[in-house]
Amino acid sequence: MIKSMLKSSLFWPIIVLLLILMINLFFDSSFFSIEVRNGHLTGSLIDILNRGAPLMLISIGMTLVIATKGIDLSVGTVIAMSGAIGAMTIASTDGTGLGPLFMAIGLSLLICTLVGCWNGLLVSRLGVQPIVATLILMVAGRGVAQLITGGQITTVYYDPYSYIGGGYLLALPFSIFIVAFVFFVAVLLTRKTALGLFIEAVGSNPDASRLAGINSKNIMLMVYMFSGFCAGVGGLILSSNVMSADGNNAGLWFELDAILAVVIGGTSLMGGRFYLMGTVMGALIIQSLTTTIYSIGVPAEINLVVKAIVVLIVCLLQSPEFRRKVFGFGKVKRSGEQKEREGVTLS
Amino acid sequence: MKKILEAKGLLVLLFVLLLLLAACGSADESGGNDEVAGDNTEQEEENDAEETDSDSGEEESNDQSGEKLVIGFSQVGAESEWRTANTKSIQDAIKDAGHELKFSDAQQKQENQIKAIRSFITQKVDAIVFSPVVETGFETVLQEAKDADIPVFLADRSVDVEDDSLWVTFLGSDFVEEGRKAGNWLLEEMADEEGPVNIVELQGTVGSAPAIDRKEGFEEIIGQEDKFEITKSQTGDFTRAKGKEVMEAFLKSDGENIDVLYSHNDDMAIGAIQAIEEYGLKPSEDIKIIGVDAVKGAFEAMADGKMNVTIECNPLFGPQLVDLIEQHFAGEELDKRIAVEESMYTMDQAEELLPTREY
Amino acid sequence: MINRLSLDYKQLPLLATISLFVLMFSFGSLRYTGFFSTQVFLNLFIDNAFLIVIAVGMTFVILSGGIDLSVGSLIALTSMVAASLTMEAQLSPWIVVPISLLVGTVFGVVQGALIHLYNLQPFIVTLAGMFLARGLSYVISVETIAIDHPFFSYMASIQIPLPGDNFISISVVIALIVVVIAIFIGHFTNFGRTVYAIGGSEQSAMLMGLPVGRTKILIYTLSGFCASLAGLIFTFYMLSGYGLHANGMELDTIAAVVIGGTLLTGGAGYVAGSVVGVLILGIIQTIIVFEGTLSSWWTKIAIGVLLFLFIILHRVIVLRSEKKQASN
Amino acid sequence: MPEQQPKLVMENIVKEFPGVKALSNVQLSLYPGEVHALMGENGAGKSTLIKVLTGVYSIDQGSVTLEGKPVHINSPLEAQENGISTVYQEVNLCSNLSVTENIFIGREIKKYGRLAWKEMHQHAEKLLEKLQLKIDVTKLLSSYSVAIQQMVAIARTLNVSAKILILDEPTSSLDRDEVHHLFAVIRQLKKEGLAIVFVSHFLDQIYEITDRLTVLRNGEWIGEYKTKEIDRMELVSKMIGKELQQMDDISSKSTVNQEKIPASFLKADEVGVKGKIDPFDLEMRKGEIVGIAGLLGSGRTEMARVLFGADRADKGKMKVDGKEVNFSSPRNAILKNIGFCSENRKSEGIIPELTVRENMILAIQSIYGWFNYLSKLKQIKIAEEYIELLNINPANPEHLIKNLSGGNQQKVMLARWLITNPTLLILDEPTRGIDIGAKTEIMKLMTRLSKDNKSILFISSEIEEILRTCNRIAVLRNRKKVKEFYNDKELTQQDLMKEMAGGM
């Protein structure tokens, strides 16, 4: 029983998450309490879920990309573009009724999916390495976002827009429902259809997958589009949250956080097996870490040091070699042998 | 033979790429025009500037007459509303005065700025205007400019260089003073309060000059009275989203005890206001809110009664700057430090001033 | 015996990169007055000496199939260490310089060891390294520390005159020496060849009895050392230590290496290519400054478009050579 | 020979992997100047034993004595330092380096502290000349064929002062002449006093070159024999663990009634790909097995790939069931009931990270599409059925395929296609590198499929296999189809070989 728990890819992420929450509890005894205020449930835990929503969304998209042995560096700028498009669409309408809301959502999600499509085309059709292909948009996309907003922080004066990131449904923040919905759809698509199998096959051996009749190009195209879509939703939440669009700063460094979340969740950057639940855990770890740093008053200048250390600890805990050496589970085997056995060719 | 053919193919490919490059070069330009075209009248002037660009050989001979100057302007970046307003003000002022502008955006990187200045020197511009990303590290390149006899004007931010002959004058805001103003306002506002007054602070980007100076000036003033205490201080990176997120965390940990919010810029304050409202408190009443910059958003917030005061940090000093440059070329002596005219706006003034704010 | 003049397909990306640099330089020369001068060309080296040095280190990492995201932050950390030791601890440069160089080297050793011993992914380890190095420089001080020391001022201001009223800085000399040494290491030592072998197939390299683990640790050590050295050059260039120095420079470096024709999958590429890659990034910036009217976002879009064109060009070359090889 | 002191003695070697005992109590002794064969089916533990000997795996129990001294070999490097060199089954060189580099890397020639390229190139040329190979050694390894790469791998080991040379299936991708060269070299090395371990599935070669042999089965040591003293049938029965009669079950000649011409399924008319295979005609009829005979590089794999749509034909027309088709991807072909088992199992066959079950159902699932997902229960049922049918070991559908032996992986690949029930199954070297038992099973399976009115295209290096199973045989040479035979009583190996070699 314990052994199978230890083997589960979720074990270490959950332990670390609990640890971080416990540290909070130590500093603030009311940390776990959830109360009703203005008819909304509030509390630190709800807050972490709410604030972590964009990161969770983007990480879910990133998980599938990484499962195909890819990487999407452009999500940060897609967030900025999505917010910019949303805000500018609303700014260009009269701002009455719900029409502008749906137009803004529709337009920015469409364009973000198209951006993902562009990444996917470069990777799948032209065979450009993912890291390079998405680097292009990582650089250019922020320029486009700034171009859309004219370099200004555009404020939105249209109340329905705030519902996306700031609204409440059934006493819970609406963004949590968005994440739950996207997560549910992703799980349904990958585990109840053959899509997950195809993604894992393509990520593990693209040539063999093609010869087995999988349209690996379309699979790759699709995951990048999905990643673009997720980043678009995340961008809308972020932008709606502050009722403005900021082409310069929105989503800065989100790509790195998202990749971290995926890796902490147990999905390997080498592609193949992926774990959506693990990714959500990873995103929550990162978010609760950030919240912890703010609320227990860690000095601003050592934020990054704390983050680096936690990341290293999580990754080391997930490394079988490290666990064997430190905790003595199983026999000590040399890393070379491990690699050989797993047939990993790091190229 | 086959090899030669291969090489030929490659050449053709390169040629096509060159064409593409040229095409995208011009595309960028026209794009640049489009962008300005949005702002009504400037388009023609922009075009003028470019026409003269193509035959600038003739122009250069006129330089010394003081008629038309080529001015290189290296801006920090486009990191905030304030900054873009500042960029536009300086660009417009230079063009309106009929001078030619060479603009370069350092994207918050000092190395880019040094490269740009060095490039201005090789282009032999008549004057260099720049807003340093950081205060230090410009000796070498400023010395090069001095050797090339190009006068340097500092805008908005100063440099920390001992030899003040390296630049003509520094025109800009005094961040420490802004911090002091914020402190003084609070001192007055809270004069009757018993205390203790708990203050939370939203810092700017860690290490940036405004963040350091505004903190310093503010602390200098409130340090005069014991009842003030800064209970929490955290960076919000000058952005709304971070401002809101950090404020939420502050409220969570000791929401009921916060009396004052001091934010290093208005954007973070606006984000924080949203957090306060969502938490169920009334901004400006339960928690006093002090911002810096005086951007339009702050006026809107003040007009709605959600923010108490904003300290102006005026970005629209383009015309003042161009005047100074022209004075310099006319042979006048300039002070080493010239302050931009700035004031402080409170809630009461907000409604009437709101329509007049340009940024 | 061997036809040295024949175009080997593995060298085509490099040749293309060089030709593109020449083309862009001619493009600039035709378009802008004052562009066509030796000093403009030399300025590319003066302004990018630090980038050349880190690109050299990064080339080895990428050749081995890895990646090092920590280099930008390491520059900041090195500059901070150098500045605080010089200004606050009042140490002599003879002590400051070796200590500064040691900072990155130690960082590299640790990163390499983590990657090798615990089989962690380089992307993640160096990402944590990136956070850590920048965090540590904030811990030293959040403010910039200006350096006012004769040695640093001398290194910053000395100009080595070249014929025709031109000059280069001492940093350029250091960078060029690094490049020469790196080319030697890459092609004339067994370490260099092992790097290529690991990039080609790590498993094969191991079965061939090559010291894979040691080499991997050494690669990251080398990259860390280069980052430190670049940090020192950067300190000469800026005369200050600052936690925000070189923010995001790791991406510039990776872009330069990729434009220089090194494959991110490892195993193919040249140090010399990366140098040209750096020069191309430099010349894009120079052209944009000479153009003088482009807003910051157009700069970003232009760099993105150029990156795209380079990548397409490389793909075309690779596809053609694959076809050619298949038809042989 | 046995009176000499043995060079190497391995005693009671035990090696366990999670859930699998790969080696239990295995012995091996090597004497200088002998060629020692390691025999056994796939999964018998040969590869594991070799990897233990070369330091890739560590041993759990047992001892290794090298020239009388106990040693612990912990890495390939240490193995090489102890004079143990290996040429692996799948070429394990770096294709992005030059030929010279591949030969010298790890022990480069240096001069004044730098690598002496000129000397190395010259030396490399000399070494390859020994193998009767004259190539440009400065070119990248990837620009040469697999056969030449294999030779380079051998040349690499010749460069070391090796005491023990391990050749793990060196001949599986070499043609007859190259094998000849190799054997000449082996004999020469033997004279120089080397102990050579030789692994091969070709019995002829075993009898031709080896002095003694050790037989393993399921990780256990069966015995050590002098090659001359054990006859083939006995050897085979030791390897597969039972008296062998199945071999004869396969009809020696075609079973299809040739009086009635069966219905045509696929017809290729002047189909070709530039630079890969010249335009060819080929007709595949239902219930027929068509063999393709040709040397490596003759275009046989290319022919298979174009029929399957893996490479796109740029010339000619193809018809399936009378309707014209244009395959732009394997998917098109699969949807037309064609299956293809690649010769390149590692890179084009298995999906290493997935389980045996997932690997098996991949092709059928891709036909069904995403939404029509087979329930896990069904998947397991299918997987278990084929595991039993093909005798796959270990018989656990949830085992990761990368942990299976090569032969078992091959069986999983076969299962993947059998599940789709294809009308035309293209098998590219399905029997390469697998043991006799499995070979026999595969050939029996082919016969059964043809009786089921399926059509099979069978590519093999072993002419004997082709002759035994096929109705028709196409011969390829220099990327060109040169001749097509009906496999009647008169056709002999000589006839085919004449065409394959050409110009005789």
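Just to confirm my filter: which helices (runs of 4 or more DSSP H) fall fully inside region D:390-476 and include at least 3 residues that are outside the structural domain of D:GLY369 (by TED's automatic domain parsing), at pLDDT 80 or above and open to solvent by 20 Å² or more (accessible area, probe 1.4 Å)?
So the answer is D:436-451.
May I ask you to list the residues in region D:285-301 that are surrounded by fewer than 23 Cβ atoms within 10 Å (Cβ to Cβ) and within 20 Å of D:ARG331 (Cα to Cα)?
Selection gives nothing.
Rundown of residues vs (1) within 15 Å of D:ILE154 (Cβ to Cβ); (2) within 31 Å of the chain's Cα centre (by Cα); (3) more than 8 Å from chain C (Cβ to nearest Cβ), yes/no style:
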| position | (1), (2), (3) |
| --- | --- |
| D:GLN61 | no, yes, yes |
| D:GLY68 | no, no, yes |
| D:ILE73 | no, yes, yes |
| D:PRO76 | no, yes, no |
| D:ASN92 | yes, yes, no |
| D:VAL99 | yes, yes, yes |
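Conditions tested, residue by residue: (1) farther than 17 Å from C:LEU63 by Cβ; (2) open to solvent by less than 10 Å² (accessible area, probe 1.4 Å).
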residue: C:GLU143; (1), (2): yes, no
residue: C:ASN166; (1), (2): yes, no
residue: C:LEU218; (1), (2): no, no
residue: C:SER228; (1), (2): yes, yes
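Residues that are of a type in the set (Val, Ile, Thr) and over 13 Å from D:LEU216 (Cβ atoms): which strands (runs of 3 or more DSSP E) entirely in region D:11-81 hold 2 or more of them?
D:61-66
In region D:347-364, which residue that is in contact with a Gly (Cβ under 9 Å, 6 or more places away or on another chain) and not aliphatic (A, V, I, L, M) is nearest to the other protein chains (Cβ to nearest Cβ)?
Applying the filter and picking the extreme gives D:GLU353.
Residues to consider are A:LEU137, A:LEU189; find the one that is away from chain C (no Cβ under 13 Å) and not in a loop (DSSP other than H, G, I, E, B).
Only one candidate passes the filter, namely A:LEU189.
Can you tell me which residue is most open to solvent (accessible area, probe 1.4 Å) among those in region A:268-309 that are at pLDDT 85 or above and in a loop (DSSP other than H, G, I, E, B)?
The residue in question is A:TYR275.
Can you tell me which residue is nearest to C:VAL71 (Cα to Cα) among those in region C:107-152 that are aromatic (Phe, Trp, Tyr) and touching a Gly at 6+ places or on another chain (Cβ under 8 Å)?
Step by step, filter region C:107-152, then rank; the result is C:PHE107.
Here are some conditions: (1) among the charged types (D, E, K, R); (2) touching a Phe, Trp or Tyr at 6+ places or on another chain (Cβ under 9 Å); (3) surrounded by fewer than 21 Cβ atoms within 10 Å (Cβ to Cβ). B:GLU201 meets all but one. Which one does it not meet?
That leaves (3) as the condition not met.
Within region B:220-237, identify whether any single residue is of a type in the set (A, V, I, L, M, F, W, C) and under 22 Å from B:TRP82 (Cβ atoms), and answer yes or no.
no
Just one of (1) in contact (Cβ under 8 Å) with a residue 40 or more places away in the chain; (2) closer than 30 Å to A:VAL123 by Cβ; (3) in a helix (DSSP H, G or I) trips up C:GLY266, so point out which.
So C:GLY266 meets the others, but not (3).
Do the conditions hold for A:ILE164, that is, is it open to solvent by less than 10 Å² (accessible area, probe 1.4 Å) and either under 16 Å from A:TYR275 (Cβ atoms) or in contact (Cβ under 8 Å) with a residue 60 or more places away in the chain (or both)?
Here the answer is no, as A:ILE164 does not meet what is asked.
In region C:42-60, what residues are at the interface with chain B (Cβ under 10 Å from one of its Cβ atoms), out of contact with any Leu (no Cβ under 8 Å at 6 or more places or on another chain) and modelled with pLDDT of 90 or more?
Result: C:PHE50, single match.
Does D:SER95 satisfy the condition of being outside any helix (DSSP H, G or I), open to solvent by 20 Å² or more (accessible area, probe 1.4 Å) and small (Gly, Ala, Ser)?
For D:SER95, the condition - outside any helix (DSSP H, G or I), open to solvent by 20 Å² or more (accessible area, probe 1.4 Å) and small (Gly, Ala, Ser) - is met.
Go through region C:18-41 residue by residue and tally those that are small (Gly, Ala, Ser), open to solvent by 10 Å² or more (accessible area, probe 1.4 Å) and more than 9 Å from chain B (Cβ to nearest Cβ).
Of the residues in region C:18-41, 1 are small (Gly, Ala, Ser), open to solvent by 10 Å² or more (accessible area, probe 1.4 Å) and more than 9 Å from chain B (Cβ to nearest Cβ).
When region B:332-353 is examined, which residues are found to be within 22 Å of B:ILE71 (Cβ to Cβ) and either modelled with pLDDT of 85 or more or open to solvent by less than 60 Å² (accessible area, probe 1.4 Å) (or both)?
B:LEU334, B:ILE338, B:VAL340
Look through B:ASP92, B:ASP105, B:ASP164 and report the one residue that is out of contact with any helix residue (DSSP H, G or I) (no Cβ under 7 Å at 6 or more places or on another chain) and either assigned by TED's automatic domain parsing to the domain that holds B:ASP293 or open to solvent by 10 Å² or more (accessible area, probe 1.4 Å) (or both).
The match here is B:ASP164.
Out of B:ASP304, B:ASP266, report the one residue that is within 14 Å of chain A (Cβ to nearest Cβ) and either farther than 22 Å from A:ALA245 by Cβ or under 26 Å from the mean Cα position of the chain (by Cα) (or both).
None of the others qualify; the one that does is B:ASP266.
Taking the condition of being hydroxyl-bearing (Ser, Thr, Tyr) and within 21 Å of the chain's Cα centre (by Cα), how many residues in region B:129-152 meet it?
Matching residues across region B:129-152 total 2.
Out of all the residues in region C:225-235, is one or more closer than 30 Å to D:THR138 by Cβ, among the hydrophobic types (A, V, I, L, M, F, W, C) and more than 14 Å from chain B (Cβ to nearest Cβ)?
Scanning region C:225-235, I find at least one residue that is closer than 30 Å to D:THR138 by Cβ, among the hydrophobic types (A, V, I, L, M, F, W, C) and more than 14 Å from chain B (Cβ to nearest Cβ), so the answer is yes.
May I ask you to list the residues in region A:310-323 that are crowded, with 17+ Cβ neighbours inside 10 Å and not hydrophobic (A, V, I, L, M, F, W, C)?
Listed by number, the residues that qualify are A:GLN318, A:SER319, A:GLU321, A:ARG323.
Quick test for you: out of C:ILE170, C:ILE115, pick the one residue that is β-branched (Val, Ile, Thr) and over 27 Å from A:LEU269 (Cα atoms).
Just one listed residue meets the conditions, C:ILE170.
Just to verify a result, which residue in region B:89-139, among those that are at the interface with chain C (Cβ under 10 Å from one of its Cβ atoms), touching a Gly at 6+ places or on another chain (Cβ under 9 Å) and charged (D, E, K, R), is nearest to C:PHE290 (Cα to Cα)?
Only one residue tops the list, namely B:LYS102.
When only residues in region D:328-348 that are touching a Phe, Trp or Tyr at 6+ places or on another chain (Cβ under 7 Å) and without any contact (Cβ under 8 Å) to a residue 40 or more places away in the chain count, which is nearest to D:THR420 (Cα to Cα)?
D:ALA333
Rundown of residues vs (1) open to solvent by 20 Å² or more (accessible area, probe 1.4 Å); (2) at pLDDT 90 or above; (3) closer than 22 Å to B:LEU69 by Cβ, yes/no style:
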position: B:THR136; (1), (2), (3): no, no, no
position: B:THR140; (1), (2), (3): yes, no, no
position: B:GLU144; (1), (2), (3): yes, no, yes
position: B:SER158; (1), (2), (3): yes, no, no
position: B:PHE170; (1), (2), (3): no, no, yes
position: B:GLU178; (1), (2), (3): no, no, no
position: B:LEU186; (1), (2), (3): no, no, no
position: B:GLU225; (1), (2), (3): yes, no, no
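What strands (runs of 3 or more DSSP E), lying completely within region D:302-341, carry at least 2 residues that are more than 16 Å from D:TRP417 (Cα to Cα), open to solvent by 20 Å² or more (accessible area, probe 1.4 Å) and away from chain A (no Cβ under 14 Å)?
The qualifying strands (runs of 3 or more DSSP E) are D:315-320, D:323-325.
The values are calculated or read from the model by the stated rules, or taken from the named source; none is laboratory data. What you see is a predicted model, and the numbers here were worked out from it, not measured in a lab. So basically every Cβ, Gly included, is an ideal-geometry build from the backbone, and we count neighbours across all protein chains shown. Side chains are part of the model used for accessible areas, which takes the heavy atoms of the whole protein and leaves out ligands, DNA and RNA. Shrake-Rupley method; radii C 1.70, N 1.55, O 1.52, S 1.80 Å.
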